[in-house]
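The values are calculated or read from the model by the stated rules, or taken from the named source; none is laboratory data. Everything numeric here is computed off the predicted structure, so don't read it as measured data. All Cβ positions, glycine included, derive from the backbone under ideal geometry; neighbour counts span all protein chains shown.
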Amino acid sequence: MRQPLKIGIIGCGGIAHAKHLPALSKLTELAELTAFCDIVEERAAIAARQYGTADAKIYTDYMELLRDQALDVVHVLTPNSSHAEITIAALESGKHVMCEKPMAIHSLEAQSMIDAANKHGKKLTIAYQNRFREDALMLKEACEDGYLGDIYMAKAHAVRRRAVPTWGVFMDKEKQGGGPLIDIGTHALDLALWYMNDYRVQSVSGSVFQKLKNQNRANLFGPWNPDEYEVEDSAVGYIKMENGAVIYLEASWALNTLDVREAMTTLSGTKGGAEMRRSASGGGPELLLNTEIYGKLVEVRPEMNASIPYYGSKVENEADREARQWLEAIIEDKEPLVKPEEALVVTQILEAIYESSRTGKEIRFV
């Protein structure tokens, strides 16, 4: 009988407890959590007590964790600036790696991560869990089946009205590389590229704004300190692909708008279109497909998460699906759904938007 994979967690903060640890703890037949590392020892200890095996080890130095030859997999859940350094070290130590998004702050770092994975024959994936939502998986299937035809126009939505994260290092430009563009814009862009199945970029232009740093009283997560707010509060990007298709990317933590959507896309193709929204009833995902049939315009709204009242059903969420698919990719030696080469292009585009805003110039890829 195959033994469960042994997983080490590097970074035991918010994203670890909100997503990775609960999801992995449900998959006891596939993996067990045996090592935890955080620069704050108590955070690692709390995570180990709640999710780890009885003999789980605790570290404050990730290099010490990586010396554990019993570990098969490492999840890198640290601030963006350390993603590349820790991931490369983990790959060099013989571990498979899931790294939280974004892949890296700079594209050269992201490429070095891929090079390390290839050199050492280990699997690398990036945590774009929104691909695993029910609406996202259905839309991907529709795109692959040709329901939309050739997709030539997309909008990638990552818009919050007032939801600036006030904890951790989110507002620290050096550690995070930016604000909402690199934090949540990365999810929306990943979805758009994935649906279009096209990673051949021709040019990128964009603008980033810091206009509302002092309008902090109505924030969902409580007021932030304007003196600590070093990043943009909103950004837009225009991406043109080699085949002429275009993507409009919008991202904000704070923006005076009522059109609030996060990790969603609008797609327009030669046969039909699609729009991802939150349903007005309960805030869950809503997917709208549109096309023309027999000379009439038609909209289709698939039902999501259907179950029998009072009986319920065991439904995996996107974090559960992401974790399961990743572990099965390792065990069965197959490609993970999120390929690092795809995540590299996301990083290249985000980097180009920041550069375009800084220089006022279009950034050419070819």
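Worth pointing out:
- Members of segment 245-262 that are of a type outside the set (Lys, Arg) and part of a strand (DSSP E or B): Val246, Ile247, Tyr248, Leu249, Glu250, Ala251, Ser252, Ala254, Glu262
- Of all residues in segment 209-229, those that are touching a residue at least 24 places away in the same chain (Cβ under 8 Å) and loosely packed, with under 12 Cβ neighbours inside 10 Å have Cβ atoms under 6 Å from Cβ atoms of residues that are among the β-branched types (Val, Ile, Thr) and part of a loop (DSSP other than H, G, I, E, B), 6 or more apart or on another chain, in Gly222/Thr166.
- Output for segment 266-291, where each listed residue is at pLDDT 95 or above, surrounded by 14 or more Cβ atoms within 10 Å (Cβ to Cβ) and farther than 13 Å from Met138 by Cα: Thr266, Leu267, Ser268, Gly269, Gly272, Gly273, Asn290, Thr291
- When residues in segment 67-96 are screened for being buried (at least 23 other Cβ atoms within 10 Å of the Cβ) and assigned to a loop (DSSP other than H, G, I, E, B), 3 of them pass.
- The residue of segment 97-116 that is farthest from Glu351 (Cα to Cα), among those that are of a type outside the set (S, T, N, Q) and surrounded by fewer than 24 Cβ atoms within 10 Å (Cβ to Cβ), is Ala116.
- In segment 142-165, the residues that are surrounded by fewer than 22 Cβ atoms within 10 Å (Cβ to Cβ) and either of a type in the set (A, V, I, L, M) or modelled with pLDDT under 95 (or both): Ala142, Met153, Ala163
- Only one entry of Ala136, Ala188, Ala158, Ala117 meets the criterion of being within 20 Å of the chain's Cα centre (by Cα), farther than 15 Å from Trp253 by Cα and either in the same structural domain as Ala251 (by TED's automatic domain parsing) or in a strand (DSSP E or B) (or both), and that entry is Ala136.
- The set of residues from segment 237-261 being modelled with pLDDT of 95 or more and crowded, with 19+ Cβ neighbours inside 10 Å comprises Gly237, Ile239, Met241, Ala245, Ile247, Leu249, Glu250, Ala251, Ser252, Trp253, Ala254, Leu255.
- Of the residues in segment 332-339, none is surrounded by 15 or more Cβ atoms within 10 Å (Cβ to Cβ) and modelled with pLDDT under 95.
- Among the candidates Leu193, Leu212, Leu220, residue that is assigned to a helix (DSSP H, G or I) and not assigned by TED's automatic domain parsing to the domain that holds Gly13: Leu193
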